[in-house]
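What follows draws every value from the coordinates through simple rules; no lab data is involved. Owing to the predicted nature of the structure, the values given are computational and were not obtained by experimental measurement. Note that we place each Cβ from the backbone using ideal geometry, even for glycine, and neighbour counts take in every protein chain shown.
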Amino acid sequence: MHQNKAAEGIQALQYFGEFGGVNPSISDSSTYTFLSAKTMFDTFEGNTEGCYLYSRHSSPSNLYLGEALAALEGTESANVFASGMGAISAVLMQLCNAGDHIISSRTIYGGTYAFMKNFLKNYNIHTSFVDITKVENVAAQITENTKCIYCEAVSNPLLEVADIQALSRLAKKHGIPLVVDNTFSPLSISAAKLGADIVIHSLTKFINGTSDTVAGAVCASTDFCLALKDVNDGAGMLFGSTLDSLRAASILKNMRTLHIRIKKHSENTLYLATQFEKDGLKVVYPGLTSHPSHHIFQKQMDTNYGFGGLMTLDVGSLKKANSLMELMQKKRLGYLAVSLGFYKTLFSAPGSSTSSEIPEVEQREMGLTDGLIRFSIGLDHDIHQTYLSMRQCMEQLGILREVGVPA
Ligand SMILES: *Cc1c(COP(=O)(O)O)cnc(C)c1O
């Protein structure tokens, strides 16, 4: 158990706006003037502190947000991107050249899986997908060409939990970086403090929390962050998935309430998962002692923030899953939508949506069943009432009766 002090770290950062505003001014420029031509040359070479050249490289608003994210994860530095995939693709292309090899968890975000399996393959970069909870299997796949171990702290959509300390020891032994996507568990798990070398976030989810924008981040050493921005060979700089300053400013403001939101998401999800498990439903939530990696999450977590806002429920078939989601939406219990980390509950069937990039055979192998619904539980004020209403939907569709619960 860890007390990460991440929220305190973020709160300690203070920037004032141009006129003494309590929020930093938004940099509303793509390019910046120089008083002397010599300074422009030095800035281009990347060796003039505090000077800006062009906003694809850096802008004040993006640097403020980057500093807050570095404080969140406890890393030296952080770069922001126009999306989580922008961050993930830049990191992997920065770490790997043709002929290199990646070891990745097999249960990861569908887009990341497709990028590794279909896209990187065309550049002769191959990925071995493994069960990340079995560290000895990861070790067995390492070759001299392996350039990183990649996983999600809590995996999408199956909520497997990576033992970051054990994976980090393995990675260090082989002199390769451990890359952890921490999108599902900000504040609850501080991946870098547990030994991850590079921590990635899709800011689109909990960190922004208002489902109004797409953005991403890479939290890492200053050396790696600068390498990503290098004008000559930095994947971040050259792929150009730059976050807009206006959006960076709005994400930074939303981050101010992250610690309160995560507590509430976790509290509500634990309540529902506990009740549904008692009802005999097939619930997966890392906060339940029945979860196979419950103790690993517990060992890694900051107890102030709980086990996160995601849970899954297997209702037996895609048809039932679809009926239940439609009914819950009609009853205003949430939205039938992908994504996560919103104030309102979001639910989707990952097998036919966010994980549809993963072939059906492989979905079955990893335990991703047809009837699986992924819930991102919202900030509901009265979660007991939500539970009763969800239960009523299940009763109406005969889902509870089938698992032997008296109606
Ligand atoms: C959504 C998500 C991504 C991709 O992020 P975008 O902001 O949509 O590009 C990556 N990893 C995880 C775990 C996600 O949930």
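In table form, for the structure just shown:
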{"item": "Relative contact order of the range 259-402, pairs being alpha-carbon contacts under 8 Å that are 6 or more residues apart, as %", "result": "27"}
{"item": "Sequence ranges 193-200, 60-67, 271-278, ranked by mean other-Cβ count within 10 angstrom, highest first", "result": "193-200, 60-67, 271-278"}
{"item": "Choice from Val22, Val284, Val180 with maximal GNM fluctuation in the chain (Cα, 10 Å cutoff)", "result": "Val22"}
{"item": "GNM flexibility winner over the chain from Glu144, Glu357, Glu136 (Cα, springs under 10 Å)", "result": "Glu144"}
{"item": "Rounded to the nearest 20 debye, dipole of the range 221-360 from Cβ charges on Lys, Arg, Asp, Glu", "result": "800"}
{"item": "Spatial separation of Cα centroids for the range 26-69 and the range 85-156, in angstrom", "result": "33"}
{"item": "Using θ = phi - 60° and Karplus 6.51 cos²θ - 1.76 cosθ + 1.60, couplings along the range 373-387 (whole Hz; Gly, Pro as x)", "result": "10, 9, 10, 9, 6, x, 9, 3, 6, 10, 6, 5, 4, 4, 4"}
{"item": "Interatomic Cα distance distribution for the range 133-213, bins of 5 angstrom, percent", "result": "3, 16, 26, 23, 16, 9, 5, 3, 1"}
{"item": "Sum of side-chain charges, Val180 neighbourhood, beta-carbon under 12 Å (Lys, Arg +1; Asp, Glu -1)", "result": "-4"}
{"item": "Simple spin-label estimate for Glu76 and Glu136 in nanometres, 7 Å along Cα-Cβ", "result": "3.6"}
{"item": "Helix-only [θ]222 nm of the chain, DSSP H runs n ≥ 4, -39500 (n - 2.57) each, per residue, nearest 500", "result": "-11000 deg cm²/dmol"}
{"item": "Reference-scaled alpha-carbon Rg (2.2 N^0.38 Å with N residues) for the range 12-161", "result": "1.35"}
{"item": "Stretchable slack from Gln14 to Glu144, in nm (0.36 nm times residue separation minus alpha-carbon distance)", "result": "42.3 nm"}
{"item": "Mean Cβ neighbour count within 10 Å, used as a protection proxy, ranking 109-118, 287-296 highest first", "result": "109-118, 287-296"}
{"item": "Anchor Lys38: aspartates and glutamates whose Cα lies under 16 Å away (excluding residues fewer than 8 positions away in-chain)", "result": "Glu49"}
{"item": "Hull-based mean projected area of the range 259-402, where the convex hull spans the alpha carbons, in square nanometres", "result": "8.5"}
{"item": "Computed label-point distance, nm, for sites Asp223 and Thr210 using a 7 Å Cα→Cβ extension", "result": "3.9"}
{"item": "Hits among lysines - C-alpha to C-alpha of Lys264 under 25 Å, sequence gap 8 or more where chains match", "result": "Lys5, Lys193, Lys205, Lys253, Lys278, Lys282, Lys299, Lys330, Lys331, Lys344"}
{"item": "Volume per residue of the C-alpha convex hull in the chain, rounded to whole Å³", "result": "137"}
